[in-house]
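Input: a single structure, listed below in structure tokens.
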Amino acid sequence: VERQSALKNSVYCLLGLNAPRDFIDNRLLPMNADVLAPTTKATRRLVFSRAVLKGAHEPDLVLNVLLIPAALQTIMSGKQPAVYLAEFAEANPDLDEALASHLLPTESDSALYSNDYLMFLRQRADLMISQLHTLAGLANP
């Protein structure tokens with residue numbers, strides 16, 4: 001997702017249409033420059049950070065991108081998802097609602113809570129496909 005692409009733009013639109021919420025307090029995130037501007041590897045907000053993946057997997061996949069403000073990414077940076085999700089859950093009893101608004105898996109046995117990047121990519125792809133079916137008025141597979 002380094003360069004402008006129809007796929008990246010489509011995913012950003014899909015995520016924006018889903019009204020993403022803040023992981024800390026569930027407030028609706030504004031779709032402003034702070035959230036939408038990160039288009040370079042250095043500023044991109046990721047579910048699984050580069051530091052976490054340590055070169056074992058490609059982090060810069062469109063399925064790994066989040067539309068969140070920089071301040072939220074700072075809290076998450078360098079931590080496995082299970083770690084930062086536990087921290088957010090302490091502050092936000094409705095964390096599942098916030099996760100779902102980003103088309104992230106919410107189940108306690110999901111790849112986010114087991115820190116399984118490859119499974120996470122499959123789960124997120126399934127959630128995005130399901131949302132596309134819903135938006136198109138089609139039955140979900």
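Observations, loosely collected:
- Met119 being of a type outside the set (Phe, Trp, Tyr) and surrounded by 19 or more Cβ atoms within 10 Å (Cβ to Cβ): no
- Restricting attention to region 1-23 and to residues that are under 16 Å from Leu99 (Cα atoms) and open to solvent by 60 Å² or more (accessible area, probe 1.4 Å), the residue that is modelled with the lowest pLDDT turns out to be Leu17.
- Qualifying position, being outside any helix (DSSP H, G or I) and either at pLDDT 95 or above or open to solvent by 70 Å² or more (accessible area, probe 1.4 Å) (or both), among Leu138, Leu112: Leu138
- Of residues in region 73-86 being modelled with pLDDT of 95 or more and not aromatic (Phe, Trp, Tyr), the one nearest to Leu29 (Cα to Cα): Leu85
- Exactly one residue out of Ala136, Ala86, Ala70, Ala100 is farther than 19 Å from Asn18 by Cβ and out of contact with any helix residue (DSSP H, G or I) (no Cβ under 8 Å at 6 or more places or on another chain): that is Ala86.
- Residue that is in contact with a strand residue (DSSP E or B) (Cβ under 8 Å, 6 or more places away or on another chain) and either among the aliphatic types (A, V, I, L, M) or surrounded by 18 or more Cβ atoms within 10 Å (Cβ to Cβ) (or both), where the choices are Val52, Val83, Val65: Val65
The values are calculated or read from the model by the stated rules, or taken from the named source; none is laboratory data. Keep in mind it's a predicted model, so treat the numbers as computed, not measured. Note that we place each Cβ from the backbone using ideal geometry, even for glycine, and neighbour counts take in every protein chain shown. Each accessible area value is taken on the protein alone, full model and side chains, heavy atoms only, with ligands, DNA and RNA left out. Shrake-Rupley method; radii C 1.70, N 1.55, O 1.52, S 1.80 Å.
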